[in-house]
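To start, the structure under review is shown below, and the notes come after it.
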């Protein structure tokens, strides 16, 4: 197995960018209203779950950190060096693992294609941005 070094500061920044993108992506200004409608969520249901939000955000942050760390390993193992190579790294990980597994929601869980587009689109943009950060900040 290839031994790689991971820049932990780049991983942390990529994690922060992922979280910031999520806040923007799922805001009411972008896709939040459609996403909530697809899941049958209301403002009232979100308020009712407000106490659990700290744990939810903590777990989301941990998952984002793991995703950035793993992507950093992939980027380093493939010796990506340019902006386009960083985008490609994020894209191929998205295509192979996110786009395919998220499709299960449509096929088996009867989620809509709109929901798939919102969710998969977020991860596409996120992984490509993280790929750029992790590539250029090695």
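Results, tabulated for the structure shown:
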{"quantity": "Förster-model FRET efficiency, 25 Å R0, residue 13 and residue 82, C-beta, rounded to 0.05", "calculated": "0.85"}
{"quantity": "Backbone N within region 91-112 under 18 Å of label point (7 Å from residue 45 Cα along the Cβ vector)", "calculated": "105-106, 109-112"}
{"quantity": "Per-residue [θ]222 nm for the chain (sum of -39500 (n - 2.57) over DSSP H runs n ≥ 4, rounded to 500)", "calculated": "-24000 deg cm²/dmol"}
{"quantity": "Exposure proxy ranking, count of Cβ atoms within 10 Å, fewest first, for 136, 46", "calculated": "46, 136"}
{"quantity": "Overall dimensions of the chain as given by Cα atoms, namely Rg and Dmax in Å", "calculated": "16.1, 50"}
{"quantity": "Fewest-first ranking of 85, 5, using other Cβ atoms within 10 Å as the exposure measure", "calculated": "5, 85"}
{"quantity": "Gap separating the Cα centres of region 20-34 and region 60-110, nearest whole Å", "calculated": "20"}
{"quantity": "Neighbour-count ranking [beta-carbon atoms within 10 angstrom, fewest first] of 8, 129, 134", "calculated": "8, 129, 134"}
{"quantity": "Contact order normalised by residue count of the chain, Cα under 8 Å, 6+ apart, percent", "calculated": "41"}
{"quantity": "Helix 113-136 vs. the chain, principal-axis angle (Cα, 0 to 90°, nearest 10)", "calculated": "30"}
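Here, each number is a calculation from the coordinates, and none is a lab measurement. If you're wondering where the values come from, they're calculated on a predicted model, not measured in any experiment. Cβ sites come from the backbone with ideal geometry, for glycine too, and all protein chains shown count toward neighbours.
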